[in-house]
Structures are given as C-alpha cells and as structure tokens.
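*Asks:* The structure that follows is given in the form of structure tokens.
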Amino acid sequence: MTHSKRIIFFISDGTGITAKTLGHSLLTQFEQIKFDTVTIPYIKTAEQAQEAVDKINQTAKEGTRPIVFATLLDPAMRHIISTSNALFLDLFATFIQPLEYEFQTKSSHAIGKSHTVNTAYNERIEAINFALLHDDGQSYQRYEDADVILVGVSRSGKTPTCLYLAMQFGVFAANYPLTDDDIQTQALPEMLLPYREKLFGLTIQPDRLQKIRQERSPNSRYSSLAQCQLEVQKVEALYRQFKLPFINTTVTSVEEIATSILLNAKIERPMF
C-alpha cells in the first residue's frame with residue numbers, strides 16, 4: 001500500500017549524521033512520498049534505546065508503520081531498537097559484515113571513530129577561514145593558495161558553495177563577484193588573470209536572480225529583471241570567451257554544484 005506521508009527515524013549511538021546521509025540518499029528515490037523525520041542520536045544505554053522504541057511505537061499507525069534507519073554498533077542496542085513496530089534498517093550491519101568477510105578481520109566497533117580526525121578537522125577550519133577571508137572579493141591575498149576561485153554575478157550562489165566546499169571537503173575556495181564594469185568590458189579583472197586555471201563560473205536564470213535580489217534590494221535597478229537578464233547574458237558570454245567551466249545554479253543543489261567543481265577542477269580530498 002502506498003501512503004503519501006511516512007515518518008522516518010534516524011537512530012544512532014553517535015551524532016546520527018551517517019544515518020541521515022544514507023537514509024536521505026535512499027528516500028530521494030521516492031519523490032511521490034512526503035516524509036517527516038526524527039533524529040535520535042547518542043543511544044548509549046538500554047534505557048535510552050527503550051525510550052526510542054516507545055517513541056517510535058507512539059507514531060505507528062495501522063498500515064503506516066515508521067521507517068528506522070539505524071547506525072548502532074552495540075548488538076544489544078540494535079536488538080532493542082529492532083523490536084519496535086517499524087521497518088528496521090540496520091545500515092552498519094548491512095555493510096560491516098560483508099567488509100569483515102572481505103578483509104578477513106573484525107571491525108573495531110568503535111563508536112564515532114574517524115581516521116585522522118584531528119588533521120581533517122584542522123584542514124576544514126583553515127579552509128573555512130580562507131573562504132570567509134576571500135568572500136565576495138574582500139581580499140586577493142593568498143589567491144595562489146586557493147584550490148578554486150568561483151566567479152559570477154552578485155547573488156548567484158558563490159558564498160554558500162565556497163563554505164560548503166570548505167566545511168565538507170577542506171577545499172580552499174575563494175569567490176569574486178563580476179561587476180558591471182567587468183561585464184561591460186567583457187574582460188576578466190586583472191587580479192584574476194594569473195589564476196585563470198583556478199576559475200570556475202556560476203550562472204543562474206535571470207528570473208530566479210531577480211527574486212533573490214528583490215529580497216535584498218527591492219525595486220532597484222540592481223534587482224530589475226532587465227538588469228538581471230543583461231548581467232547573466234554578459235557573464236555567460238565572458239565564460240565562453242575565456243573558456244571557463246561554469247554551472248547553472250538555478251535548480252542545482254549545493255552538493256551537486258560542489259561535486260561538479262571538484263570534478264572539473266580535478267580536486268581530490270581524502271575520505272577520512
């Protein structure tokens with residue numbers, strides 16, 4: 001039986017990020033169904049696990065039982081949660097057991113463990129600081145250290161993309177807004193010329209750009225549809241003139257934008 005709305009639980013002995021990430025990836029394949037999600041992290045004791053079961057069971061209705069995505073390493077906790085009136089999907093058991101067999105060794109079963117966590121954390125903090133320092137053309141210092149420099153018209157998505165690249169991948173990403181002068185002269189700003197190989201363009205549909213700008217500066221030339229159309233047309237011509245890779249951000253998620261940038265710029269970051 002198909003239902004228009006289902007309740008989803010993400011349950012973990014850690015933060016729940018892994019359960020949510022894998023769970024959301026699977027749920028996106030069911031666009032016809034709406035989901036209400038509940039995250040229950042840090043399940044450490046039998047009492048906490050039973051409280052989670054009680055909460056799950058309270059939401060269960062005949063024919064519409066909840067779905068539970070769980071990342072629990074303790075077998076006792078997994079058993080308790082599995083007794084709930086829900087479809088129980090044990091994400092760790094699905095993958096850990098085949099990997100143990102393939103590697104011919106037992107996993108550490110360490111909760112929340114991450115390889116080189118301190119190094120990865122420090123890289124991300126440095127990358128975030130770099131993105132903030134080089135946001136919206138505020139500073140041109142250390143452009144030589146940038147992995148990528150995003151360019152585009154104002155409000156085309158450069159800042160959130162840079163911060164996502166920094167937070168998720170430790171990528172040193174700067175961004176520079178292409179102004180009226182740049183667009184009218186159809187020339188790259190002088191400070192960007194030495195870094196052409198690092199440039200990546202963002203563009204956006206003019207009507208969407210107008211709506212975004214209207215919220216920031218209503219009824220101005222900056223937010224007029226005519227100005228947005230002109231800027232987008234000119235900036236895309238500039239990308240083609242200088243053979244810069246670019247992507248349209250109108251209906252593209254920041255995750256997809258970041259992936260395209262990583263692939264085009266051939267930027268690789270360690271998984272752990």
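The values are calculated or read from the model by the stated rules, or taken from the named source; none is laboratory data. Small disclaimer: the values here were computed from a predicted structure and weren't measured. Don't worry about glycine lacking a Cβ; one is built from the backbone with ideal geometry, like all the others, and counts go over all protein chains shown. Ligands, DNA and RNA are excluded from the accessible area calculation, which covers all protein heavy atoms including side chains. Shrake-Rupley method; radii C 1.70, N 1.55, O 1.52, S 1.80 Å.
*Asks:* Just wondering, is there one or more residues in region 232-239 that are within 24 Å of Glu126 (Cα to Cα), open to solvent by 10 Å² or more (accessible area, probe 1.4 Å) and not in a strand (DSSP E or B)? Quick ask: steps written out before the conclusion?
*Replies:* The initial filter retains those residues of region 232-239 that are within 24 Å of Glu126 (Cα to Cα), namely none.
No, every residue in region 232-239 fails to be within 24 Å of Glu126 (Cα to Cα), open to solvent by 10 Å² or more (accessible area, probe 1.4 Å) and not in a strand (DSSP E or B).
*Asks:* Can you name the condition, by its number, that Gly170 falls short on among (1) touching a strand residue (DSSP E or B) at 6+ places or on another chain (Cβ under 8 Å); (2) surrounded by 18 or more Cβ atoms within 10 Å (Cβ to Cβ)?
*Replies:* The one condition Gly170 does not meet is (1).
*Asks:* Scan region 245-268 for residues that are assigned to a loop (DSSP other than H, G, I, E, B), buried (at least 16 other Cβ atoms within 10 Å of the Cβ) and in contact with a Leu (Cβ under 8 Å, 6 or more places away or on another chain) and report the count.
*Replies:* 1
*Asks:* Quick check on region 193-205. Is at least one of its residues free of Cβ contacts under 8 Å to residues at least 40 places away in the same chain and under 17 Å from Lys158 (Cβ atoms)?
*Replies:* Within region 193-205, not a single residue is free of Cβ contacts under 8 Å to residues at least 40 places away in the same chain and under 17 Å from Lys158 (Cβ atoms).
*Asks:* Could you check, for region 17-24, whether at least one of its residues is without any contact (Cβ under 8 Å) to a residue 40 or more places away in the chain, closer than 30 Å to Glu255 by Cα and crowded, with 19+ Cβ neighbours inside 10 Å? Please lay out each step first, then the result.
*Replies:* First pass over region 17-24, keeping only residues without any contact (Cβ under 8 Å) to a residue 40 or more places away in the chain: 17, 21, 24.
Going one step further and asking which of them are closer than 30 Å to Glu255 by Cα, we end up with 17, 21, 24.
From what's left, crowded, with 19+ Cβ neighbours inside 10 Å: none.
No, the conditions are met nowhere in region 17-24.
*Asks:* Does region 62-76 contain any residue that is open to solvent by 40 Å² or more (accessible area, probe 1.4 Å), under 30 Å from Gln168 (Cβ atoms) and in contact (Cβ under 8 Å) with a residue 24 or more places away in the chain? Show your work before the answer.
*Replies:* Initially, region 62-76 is screened for residues open to solvent by 40 Å² or more (accessible area, probe 1.4 Å), giving 62-63, 65, 74-76.
Okay, now just the ones that are also under 30 Å from Gln168 (Cβ atoms), so 74.
Checking which are in contact (Cβ under 8 Å) with a residue 24 or more places away in the chain leaves us with 74.
Within region 62-76, one or more residues are open to solvent by 40 Å² or more (accessible area, probe 1.4 Å), under 30 Å from Gln168 (Cβ atoms) and in contact (Cβ under 8 Å) with a residue 24 or more places away in the chain.
*Asks:* Six or more apart or on different chains, Cβ under 9 Å: which pairs go from a residue in region 234-252 that's within 15 Å of Pro206 (Cα to Cα) to one that's at pLDDT below 95 and open to solvent by 70 Å² or more (accessible area, probe 1.4 Å)? Could you list them?
*Replies:* Pairs found: Lys234/Gln184; Ile247/Glu256; Ile247/Asn264.
*Asks:* Which condition from (1) modelled with pLDDT under 95; (2) closer than 17 Å to Gly137 by Cα; (3) open to solvent by 10 Å² or more (accessible area, probe 1.4 Å) is the one that Tyr195 breaks?
*Replies:* (1)
*Asks:* Please state which of the following conditions Asp136 fails to meet, knowing it meets all the rest: (1) open to solvent by 40 Å² or more (accessible area, probe 1.4 Å); (2) modelled with pLDDT of 95 or more; (3) touching a strand residue (DSSP E or B) at 6+ places or on another chain (Cβ under 7 Å); (4) of a type in the set (D, E, K, R).
*Replies:* Asp136 satisfies all of (1) open to solvent by 40 Å² or more (accessible area, probe 1.4 Å); (2) modelled with pLDDT of 95 or more; (3) touching a strand residue (DSSP E or B) at 6+ places or on another chain (Cβ under 7 Å); (4) of a type in the set (D, E, K, R) except (2).
*Asks:* Follow-up question, since we're still on this one. Would you mind finding the one in Gln210, Gln227 that is modelled with pLDDT of 95 or more, in a helix (DSSP H, G or I) and open to solvent by 50 Å² or more (accessible area, probe 1.4 Å)?
*Replies:* Working: Gln227 fails: open to solvent by 50 Å² or more (accessible area, probe 1.4 Å).
Exactly one of Gln210, Gln227 is modelled with pLDDT of 95 or more, in a helix (DSSP H, G or I) and open to solvent by 50 Å² or more (accessible area, probe 1.4 Å), namely Gln210.
*Asks:* Just for region 106-124: of the residues that are in a loop (DSSP other than H, G, I, E, B) and open to solvent by 80 Å² or more (accessible area, probe 1.4 Å), which one is modelled with the highest pLDDT?
*Replies:* Filtering region 106-124 down to residues in a loop (DSSP other than H, G, I, E, B) leaves 106-116.
Narrowing further to those that are open to solvent by 80 Å² or more (accessible area, probe 1.4 Å): 106, 108-109, 111, 113, 115-116.
On the way: Lys106: 83, Ser108: 71, His109: 62, Ile111: 56, Lys113: 53, His115: 46, Thr116: 46.
The extreme case among them is Lys106.
For (1) polar (S, T, N, Q); (2) assigned to a loop (DSSP other than H, G, I, E, B); (3) at positive phi, each residue gets a yes or a no:
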{"residue": "Arg155", "(1), (2), (3)": "no, yes, yes"}
{"residue": "Thr161", "(1), (2), (3)": "yes, no, no"}
{"residue": "Leu165", "(1), (2), (3)": "no, no, no"}
{"residue": "Val171", "(1), (2), (3)": "no, yes, no"}
{"residue": "Asn175", "(1), (2), (3)": "yes, no, no"}
{"residue": "Asp181", "(1), (2), (3)": "no, no, no"}
{"residue": "Gln184", "(1), (2), (3)": "yes, no, no"}
{"residue": "Leu188", "(1), (2), (3)": "no, yes, no"}
{"residue": "Met191", "(1), (2), (3)": "no, no, no"}
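*Asks:* Given the conditions (1) in contact with a Leu (Cβ under 7 Å, 6 or more places away or on another chain); (2) open to solvent by 60 Å² or more (accessible area, probe 1.4 Å), which single one is not true for Gly201?
*Replies:* Here Gly201 clears every test but (2).
*Asks:* Additional query: Do we have Ala76 as touching a strand residue (DSSP E or B) at 6+ places or on another chain (Cβ under 9 Å) and either under 30 Å from Ser253 (Cβ atoms) or modelled with pLDDT of 90 or more (or both) here? Lay out the reasoning, then the answer.
*Replies:* Working: touching a strand residue (DSSP E or B) at 6+ places or on another chain (Cβ under 9 Å): no; either under 30 Å from Ser253 (Cβ atoms) or modelled with pLDDT of 90 or more (or both): yes.
When the stated conditions are applied, Ala76 does not pass them.
*Asks:* Return a yes/no flag: does region 56-74 have any residue that is of a type in the set (Phe, Trp, Tyr) and touching a Phe, Trp or Tyr at 6+ places or on another chain (Cβ under 6 Å).
*Replies:* Narrowing region 56-74 to residues of a type in the set (Phe, Trp, Tyr): 69.
Restricting the remaining residues to those that are touching a Phe, Trp or Tyr at 6+ places or on another chain (Cβ under 6 Å) gives 69.
Yes, region 56-74 has at least one match.
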